[in-house]
Amino acid sequence: MKKIVKYFYVLFFLILQNTLVFANISIGEKNAKVNVKVFSSLTCPHCASFHIKIFNKLKEEYIDNNKVYYEHFSFPLDLAALNAEKIIKCTSNKDIAFKLLDSIYRNQNKWAVGEDINKINNSLINLSVKFDLKKEKLNECLKDENLQDQILSQRIEAQRNYKISSTPTIFINDKEYDGKHDFKSFKKQIDKNL
(Lines give C-alpha, C1' and ligand atoms only; values in the text may rest on other atoms or scores of the structure.)
Protein backbone atom coordinates (compact mmCIF):
# COMPACT_ATOMS: atom_id res chain seq x y z
CA MET A 1 0.00 0.00 0.00
CA LYS A 2 2.83 2.43 0.85
CA LYS A 3 4.37 1.80 -2.56
CA ILE A 4 1.09 2.72 -4.26
CA VAL A 5 0.78 5.94 -2.25
CA LYS A 6 4.41 6.79 -3.00
CA TYR A 7 3.79 6.10 -6.69
CA PHE A 8 0.86 8.55 -6.72
CA TYR A 9 2.94 11.23 -4.97
CA VAL A 10 5.66 10.86 -7.59
CA LEU A 11 3.10 10.88 -10.38
CA PHE A 12 1.41 14.00 -8.92
CA PHE A 13 4.78 15.79 -8.65
CA LEU A 14 5.65 14.97 -12.26
CA ILE A 15 2.27 16.19 -13.48
CA LEU A 16 2.60 19.37 -11.40
CA GLN A 17 6.12 19.93 -12.71
CA ASN A 18 4.96 19.55 -16.31
CA THR A 19 2.08 21.91 -15.68
CA LEU A 20 4.38 24.61 -14.34
CA VAL A 21 6.82 24.21 -17.21
CA PHE A 22 3.94 24.48 -19.68
CA ALA A 23 2.41 27.45 -17.92
CA ASN A 24 5.02 30.09 -18.83
CA ILE A 25 7.15 30.78 -21.86
CA SER A 26 10.80 31.53 -21.51
CA ILE A 27 13.78 32.45 -23.62
CA GLY A 28 17.51 32.62 -23.03
CA GLU A 29 20.11 30.67 -21.10
CA LYS A 30 18.39 29.10 -18.11
CA ASN A 31 21.58 29.43 -16.03
CA ALA A 32 22.15 33.09 -16.92
CA LYS A 33 23.27 35.37 -14.12
CA VAL A 34 20.08 37.45 -14.40
CA ASN A 35 16.55 36.09 -14.38
CA VAL A 36 13.70 38.38 -15.43
CA LYS A 37 10.15 37.32 -14.60
CA VAL A 38 7.31 39.34 -16.07
CA PHE A 39 3.76 38.79 -14.82
CA SER A 40 1.39 40.40 -17.27
CA SER A 41 -2.09 40.48 -18.70
CA LEU A 42 -2.27 40.63 -22.48
CA THR A 43 -5.07 43.23 -22.40
CA CYS A 44 -3.14 45.53 -20.05
CA PRO A 45 -1.91 48.67 -21.88
CA HIS A 46 0.98 49.14 -19.40
CA CYS A 47 2.09 45.55 -20.07
CA ALA A 48 2.05 46.19 -23.81
CA SER A 49 4.02 49.40 -23.34
CA PHE A 50 6.63 47.65 -21.17
CA HIS A 51 7.00 44.85 -23.69
CA ILE A 52 7.23 47.13 -26.72
CA LYS A 53 9.73 49.51 -25.09
CA ILE A 54 11.98 46.89 -23.49
CA PHE A 55 11.73 43.31 -24.73
CA ASN A 56 13.39 43.48 -28.18
CA LYS A 57 16.31 45.57 -26.92
CA LEU A 58 16.68 43.29 -23.90
CA LYS A 59 16.68 40.26 -26.20
CA GLU A 60 19.28 41.76 -28.51
CA GLU A 61 21.67 43.00 -25.81
CA TYR A 62 21.24 40.46 -23.03
CA ILE A 63 19.10 37.41 -23.82
CA ASP A 64 20.83 36.55 -27.10
CA ASN A 65 24.21 36.92 -25.33
CA ASN A 66 23.22 34.47 -22.56
CA LYS A 67 23.24 37.15 -19.87
CA VAL A 68 19.49 37.13 -19.14
CA TYR A 69 16.90 34.39 -18.84
CA TYR A 70 13.44 35.88 -19.51
CA GLU A 71 10.14 34.38 -18.41
CA HIS A 72 6.67 35.55 -19.37
CA PHE A 73 4.06 34.50 -16.81
CA SER A 74 0.36 34.59 -17.59
CA PHE A 75 -1.62 36.83 -15.27
CA PRO A 76 -4.87 37.39 -17.21
CA LEU A 77 -7.19 40.00 -15.78
CA ASP A 78 -10.13 39.22 -18.06
CA LEU A 79 -11.48 36.64 -20.50
CA ALA A 80 -9.89 38.29 -23.55
CA ALA A 81 -6.44 38.13 -21.91
CA LEU A 82 -7.04 34.52 -20.89
CA ASN A 83 -7.93 33.58 -24.46
CA ALA A 84 -4.90 35.42 -25.82
CA GLU A 85 -2.72 33.36 -23.46
CA LYS A 86 -4.38 30.20 -24.73
CA ILE A 87 -3.49 31.23 -28.27
CA ILE A 88 0.16 31.82 -27.33
CA LYS A 89 0.33 28.43 -25.64
CA CYS A 90 -1.11 26.79 -28.74
CA THR A 91 2.41 26.45 -30.12
CA SER A 92 5.30 24.54 -28.59
CA ASN A 93 7.81 26.58 -30.59
CA LYS A 94 9.22 29.24 -28.21
CA ASP A 95 10.39 31.50 -31.03
CA ILE A 96 6.91 31.57 -32.54
CA ALA A 97 5.37 32.00 -29.07
CA PHE A 98 7.49 35.11 -28.43
CA LYS A 99 6.81 36.51 -31.91
CA LEU A 100 3.11 35.95 -31.29
CA LEU A 101 3.39 37.57 -27.85
CA ASP A 102 5.04 40.58 -29.47
CA SER A 103 2.36 40.78 -32.16
CA ILE A 104 -0.45 40.47 -29.61
CA TYR A 105 0.99 43.35 -27.60
CA ARG A 106 1.70 45.52 -30.66
CA ASN A 107 -1.83 44.98 -31.98
CA GLN A 108 -3.59 45.14 -28.62
CA ASN A 109 -5.65 48.17 -29.67
CA LYS A 110 -7.02 46.19 -32.64
CA TRP A 111 -7.99 42.87 -31.08
CA ALA A 112 -8.72 43.74 -27.42
CA VAL A 113 -11.68 45.98 -28.15
CA GLY A 114 -15.35 45.67 -27.36
CA GLU A 115 -17.19 43.17 -25.24
CA ASP A 116 -18.00 40.49 -27.83
CA ILE A 117 -15.62 37.66 -26.95
CA ASN A 118 -16.35 35.91 -30.26
CA LYS A 119 -15.12 38.94 -32.22
CA ILE A 120 -12.07 39.16 -29.95
CA ASN A 121 -11.33 35.46 -30.47
CA ASN A 122 -11.68 35.84 -34.26
CA SER A 123 -9.29 38.79 -34.18
CA LEU A 124 -6.78 36.72 -32.18
CA ILE A 125 -7.08 33.83 -34.61
CA ASN A 126 -6.60 36.13 -37.62
CA LEU A 127 -3.53 37.60 -35.95
CA SER A 128 -2.14 34.13 -35.17
CA VAL A 129 -2.52 32.45 -38.56
CA LYS A 130 0.22 34.79 -39.80
CA PHE A 131 2.58 32.61 -37.74
CA ASP A 132 1.56 29.41 -39.57
CA LEU A 133 -0.81 28.32 -36.82
CA LYS A 134 -3.92 26.55 -38.14
CA LYS A 135 -7.38 27.93 -37.37
CA GLU A 136 -8.63 24.48 -36.30
CA LYS A 137 -5.83 24.10 -33.76
CA LEU A 138 -6.36 27.65 -32.47
CA ASN A 139 -10.07 26.99 -31.99
CA GLU A 140 -9.22 23.78 -30.12
CA CYS A 141 -6.88 25.73 -27.83
CA LEU A 142 -9.57 28.33 -27.14
CA LYS A 143 -11.93 25.55 -26.05
CA ASP A 144 -9.29 23.62 -24.06
CA GLU A 145 -10.41 23.65 -20.43
CA ASN A 146 -7.21 21.95 -19.21
CA LEU A 147 -5.14 24.70 -20.77
CA GLN A 148 -7.43 27.29 -19.19
CA ASP A 149 -7.06 25.62 -15.79
CA GLN A 150 -3.27 25.64 -16.14
CA ILE A 151 -3.20 29.34 -16.96
CA LEU A 152 -5.54 30.22 -14.11
CA SER A 153 -3.60 28.00 -11.69
CA GLN A 154 -0.43 29.86 -12.65
CA ARG A 155 -2.17 33.15 -11.92
CA ILE A 156 -3.26 31.90 -8.49
CA GLU A 157 0.27 30.60 -7.77
CA ALA A 158 1.77 33.93 -8.80
CA GLN A 159 -0.62 35.79 -6.54
CA ARG A 160 0.25 33.49 -3.66
CA ASN A 161 4.03 33.43 -4.17
CA TYR A 162 4.76 36.92 -5.50
CA LYS A 163 1.87 39.01 -4.12
CA ILE A 164 1.03 40.44 -7.54
CA SER A 165 -1.18 43.52 -7.13
CA SER A 166 -0.98 45.01 -10.62
CA THR A 167 0.33 44.28 -14.08
CA PRO A 168 2.96 44.27 -15.25
CA THR A 169 4.86 43.10 -12.20
CA ILE A 170 8.51 42.47 -12.98
CA PHE A 171 11.14 40.68 -10.93
CA ILE A 172 14.87 40.78 -11.58
CA ASN A 173 16.57 37.93 -9.71
CA ASP A 174 13.46 37.60 -7.54
CA LYS A 175 13.55 41.25 -6.47
CA GLU A 176 10.59 43.35 -7.61
CA TYR A 177 11.53 46.01 -10.14
CA ASP A 178 9.77 49.28 -9.44
CA GLY A 179 11.68 51.55 -11.80
CA LYS A 180 10.56 53.32 -14.93
CA HIS A 181 9.31 51.33 -17.88
CA ASP A 182 11.97 52.47 -20.30
CA PHE A 183 14.98 50.55 -21.56
CA LYS A 184 17.60 52.88 -20.08
CA SER A 185 16.25 52.46 -16.54
CA PHE A 186 15.69 48.72 -16.95
CA LYS A 187 19.17 48.23 -18.43
CA LYS A 188 20.71 50.01 -15.47
CA GLN A 189 19.02 47.54 -13.10
CA ILE A 190 20.09 44.55 -15.22
CA ASP A 191 23.69 45.78 -15.28
CA LYS A 192 23.72 46.04 -11.47
CA ASN A 193 22.98 42.32 -11.35
CA LEU A 194 25.66 41.23 -13.80
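Hey, any idea what the orientation-averaged projected area of the convex hull of segment 115-194's Cα atoms comes to, in nm²?
Hull-based average projected area comes out at 8.1 nm².
Within segment 50-90, which residues have the backbone N less than 15 Å from the label spot 7 Å out from residue 31 along Cα→beta-carbon, could you tell me?
From segment 50-90, the list is 66-69.
For residue 42, tell me the accessible area in Å² from a 1.4 Å probe, rounded to the nearest 10.
0
Considering only protein heavy atoms and a 1.4 Å probe, what is the carbon-and-sulfur percentage of the accessible area of the chain?
Answer for the chain: carbon and sulfur cover 52 percent of the accessible area.
Under the rule of at least 5 residues apart or a separate chain, name every residue whose amide H is placed under 5 Å from the amide H of residue 29.
66, 68
With a 1.4 Å probe and all protein chains left in place, how much accessible area per residue does segment 49-123 have, in Å²?
Accessible surface, normalised per residue, equals 46 Å².
If you take all C-alpha pairs in segment 73-112, what percent of them are over 16 Å apart?
Of the Cα pairs, 30 percent sit more than 16 Å apart.
For labels at residue 139 and residue 180 in the simple 7 Å Cα→Cβ model, what's the distance in nm?
Between residue 139 and residue 180, the label points sit 4.8 nm apart.
Give the lysines whose C-alpha is closer than 18 Å to that of residue 175, dropping any in the same chain fewer than 8 places away, or say none.
Here the lysines satisfying the reach criterion relative to residue 175 are 30, 33, 37, 67, 163, 187, 188, 192.
Shape verdict for segment 42-133, please, from the Cα gyration tensor: rounded (a/c under 1.5), prolate (a/b greater than b/c) or oblate.
prolate
Mind computing the radius of gyration and Dmax over the alpha-carbon atoms of the chain? Å is fine for both.
17.4, 59
Scan the chain and note any complete DSSP helix (H) whose C-alpha atoms cover at least 27 Å along its axis and whose Kyte-Doolittle average is 1.0 or more.
Once both thresholds are applied, what remains is 2-23.
Can you pull out the GluC sites (Glu not before Pro) in segment 104-165 that DSSP calls coil and that have at most 12 other Cβ atoms within 10 Å?
Of the GluC sites (Glu not before Pro), the ones in loops of segment 104-165 whose Cβ has at most 12 other Cβ atoms within 10 Å are 115.
The values are calculated or read from the model by the stated rules, or taken from the named source; none is laboratory data. Since we're looking at a predicted model, the values are computed, not measured. Note: ideal-geometry Cβ built from the backbone for every residue, glycine included; neighbour counts use all protein chains shown. We work out accessible area using only protein heavy atoms, side chains counted, and drop any ligands, DNA or RNA first. Shrake-Rupley method; radii C 1.70, N 1.55, O 1.52, S 1.80 Å.
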